[in-house]
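Working notes, beginning with the structure itself.
Rule-based calculations on the coordinates, nothing more; no lab input. Keep in mind the model is a prediction, meaning the values are calculated, not measured. Positions of Cβ are generated from backbone atoms using ideal geometry, with glycine treated the same way; all protein chains shown enter the neighbour counts.
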Amino acid sequence: MINRPTENNTDLTESTKPEQQTYGTPPTHGTEPTHGTEPTHGSEPTYGSEPTYGMEPTYGSEPTHGTEPTHGREPTYGREPTYGAEPRHYAQQEQIYSPIIPQKPTVREYKAVCAKLGFVMCVYFVCRVLDALISVAIIRASGNIGVSATYAISMTVTVIMVYIIPMLITAAIFNKLHYLNIGNKKTRQLYKKPKRMARALGTFPAMYGLGYGVAALTLLAAYLISQVSDGQTLIDDLLRPATIDQSTNIATAIMMVFVLVVIAPVFEEIWVRGIMYDALKPFGDGIAILISSIIFGLMHGSLNMLFYTTALGFALGYVRYATKSLFAVTVLHAMINAIAAGMLFLITLTGVTGGANRLLNTIEATYILSVFVLIIVGVIVFFTKIPTIRKYKIENSWQEISSGRKTALFFLSIPVILMLLLAINEHSNFWIIGRLLY
């Protein structure tokens, strides 16, 4: 027989006895919740009751779907978010700030760029032939308008045919016409004065020494070849030293100085180390410097000038790469041309006076000696800078193919081969049209 516990011998009192959950009792509506009390976890939620707005949520309760979120309200910290419903503005931010990975250029695109460069250089050499024909026609039809006026007209035609037309065609082909717009933001950045301008200009002695050191070696090679072949071969004619067009009066000399110091540096740098360099830059700065230097050398008059100007093109391209600007290379180019222009001007003055002015003769002799000293100092400075140049390696951003194959693909392009033939034809003075005219 089991004895029931009485009030006196109960083990548990009513105060300590756990409250039994009554299931199924309807909730009492309208009662305010007691804030600050922690929710009783594990209690079974009461389904079917309407949510009381403004009350803190009961954890574990089923969310009410279909309610629109209230935008603009400050979030209540500590509230558990509703998972699965991502805010709309977060999705928009992910779409806006997702990184865009640029595609690497292909070998086919590189071949296309090489072909375009060969084509525009063929246009350049054709323009030079047309310029020669027009200049001859101007001289023959000049009559009594005077030497200075004839020279001014001829020089204007040369600037249009040799610089403006080829550069416009190149900019249009490579979609870089904005390089000619000074108001463009990217263009202003390209022509902006670099931070290390003084250091860039400090490369001038080494650059000048490099150029004329290569010119001296070229003249030595031409002399040795002419001695072996008795001066009757094609090589002797090809390596003939280039001559400068000496003006007949002071007015024409001033115009020549202006073209050499202002027109040529500005147009050539925008064209070669601006448009062409940037067209090749996606395939590596090294190949951009190499090809632009070769093209820069081919633009000038003879094979003797080819090696000299190609060496200068390497140095100017190196400065262009280091400064990321055309400002410094344009100034350096103008400084190099100014030395030759000064020599031309002094020679013209001496010719006008007949060599009778002793002061002028002394100035000319001093100028020539100073240039000679500058060349020697420049060669020495260049060799002292070789260890520094080796440490400063050019970054190769495109490694799909080797540098040797890049160079080979350039020279094997059909437009480039045609460009080389036209260059040899001009540099050797074996022009068919020229033979007919002269």
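Values for this structure:
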quantity	calculated
Zero-based 10 Å bins, Cα pair distances in region 107-437, whole percents	5, 22, 33, 28, 10, 2, 0
Amide H contacts under 5 Å for Lys385, placed H, 5+ residues apart	none
Protection proxy ranking, peptides 149-157, 327-335, average beta carbon neighbours within 10 Å, highest first	327-335, 149-157
Burial ranking of peptide ranges 159-166, 267-274 (average Cβ count within 10 Å, highest at the top)	267-274, 159-166
Which listed pairs, of Lys324/Lys385; Lys176/Lys281; Lys116/Lys176; Lys104/Lys192; Lys195/Lys281; Lys192/Lys391, have C-alpha distances above 18 Å, in listed order	Lys324/Lys385; Lys104/Lys192; Lys195/Lys281; Lys192/Lys391
Spacing of the two label points (7 Å from each Cα toward its C-beta) at Lys104 and Val377, in nm	4.7
Protection proxy ranking, peptides 186-192, 199-205, average beta carbon neighbours within 10 Å, highest first	199-205, 186-192
